[in-house]
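> One structure follows; several queries about it will come next.
Where a number appears in this text, it was derived from the coordinates with a stated rule and is not lab data. This is a predicted model, so every value here is computed, not measured. All Cβ positions, even for glycine, are placed from backbone atoms using ideal geometry, and neighbour counts span all protein chains on display.
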Ligand code: PGA
């Protein structure tokens, strides 16, 4: 069984989300993982669809205006959380210190982290790929990890596996970055990946269902 994770980012209005949710429920894709905008997470609370937050704050509660804690997310039924997504690393300047606290907090609140890692174009050009990936994975050091998912853009999944194994035994590696209907099967057929993280191509529920069916040979 390969994982299909949809990251809707900051897309879709509430009226769209209502249709989106009912299409997924009708299609019976119950082990799919959906990361809608934080605003819509509670709308999925009563659903059998696995919900994932796109972010979270490491403190459990307190005077932190505009933040949502992993503890609060857990109370909504959130099972997974994207942590360290490249857009947060670049737009919000999140680094290892912040990301490590988030991983810790998600684990403490029994949310499975989907830790996103990947080198930038310039890291790659400078031959720093493995150095960067190794550093990004250091946030897993000294954590009590039951299970975790690593989302990785480029194609070095086999090397990543070896590195992640030094931190925990129970993990999956999913591939993210321009996954589309016409390449999802080929990506998922690789024995090195356990599934996909789909961004743009997941905004259309019909397209996402098609991708899910292709991956699962339905
Ligand atoms: P993309 O996004 O599929 O639109 O490339 C993937 C992601 O950034 O989560």
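> What is the one condition in (1) loosely packed, with under 13 Cβ neighbours inside 10 Å; (2) in contact with a helix residue (DSSP H, G or I) (Cβ under 6 Å, 6 or more places away or on another chain) that residue 171 does not satisfy?
(1)
Per-residue answers, yes or no, for (1) in contact with a strand residue (DSSP E or B) (Cβ under 8 Å, 6 or more places away or on another chain); (2) within 13 Å of the ligand (Cβ to nearest atom); (3) within 16 Å of residue 32 (Cα to Cα):
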{"position": "119", "(1), (2), (3)": "no, no, no"}
{"position": "135", "(1), (2), (3)": "no, no, no"}
{"position": "151", "(1), (2), (3)": "yes, yes, yes"}
{"position": "179", "(1), (2), (3)": "yes, yes, yes"}
{"position": "197", "(1), (2), (3)": "yes, yes, yes"}
{"position": "215", "(1), (2), (3)": "yes, no, yes"}
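> Restricting to the range 74-99, count the residues that are closer than 21 Å to residue 133 by Cβ and assigned to a helix (DSSP H, G or I).
10
> Continuing with this model, one more query. Can you tell me which of (1) in a loop (DSSP other than H, G, I, E, B); (2) within 16 Å of the ligand (Cβ to nearest atom) is the one residue 210 doesn't meet?
(1)
> Inside the range 1-41, can you point out the residues that are within 18 Å of the chain's Cα centre (by Cα) and in a helix (DSSP H, G or I)?
If the condition is that a residue be within 18 Å of the chain's Cα centre (by Cα) and in a helix (DSSP H, G or I), then 38, 39, 40, 41 are the ones that fit.
> Okay, next question. So which of 153, 119 is in contact (Cβ under 8 Å) with a residue 12 or more places away in the chain, farther than 19 Å from residue 194 by Cα and surrounded by 14 or more Cβ atoms within 10 Å (Cβ to Cβ)?
When all the criteria are applied, what remains is 119.
> Looking at 79, 67, 23, 74, which is the one that is over 22 Å from residue 118 (Cα atoms) and surrounded by 19 or more Cβ atoms within 10 Å (Cβ to Cβ)?
On the way: 79 fails: surrounded by 19 or more Cβ atoms within 10 Å (Cβ to Cβ); 67 fails: surrounded by 19 or more Cβ atoms within 10 Å (Cβ to Cβ); 23 fails: surrounded by 19 or more Cβ atoms within 10 Å (Cβ to Cβ).
Selected residue: 74, the only one of 79, 67, 23, 74 that is over 22 Å from residue 118 (Cα atoms) and surrounded by 19 or more Cβ atoms within 10 Å (Cβ to Cβ).
> From the list 191, 161, 131, which one is more than 16 Å from the ligand (Cβ to nearest atom), surrounded by fewer than 14 Cβ atoms within 10 Å (Cβ to Cβ) and under 18 Å from residue 2 (Cα atoms)?
Answer to the check: 191.
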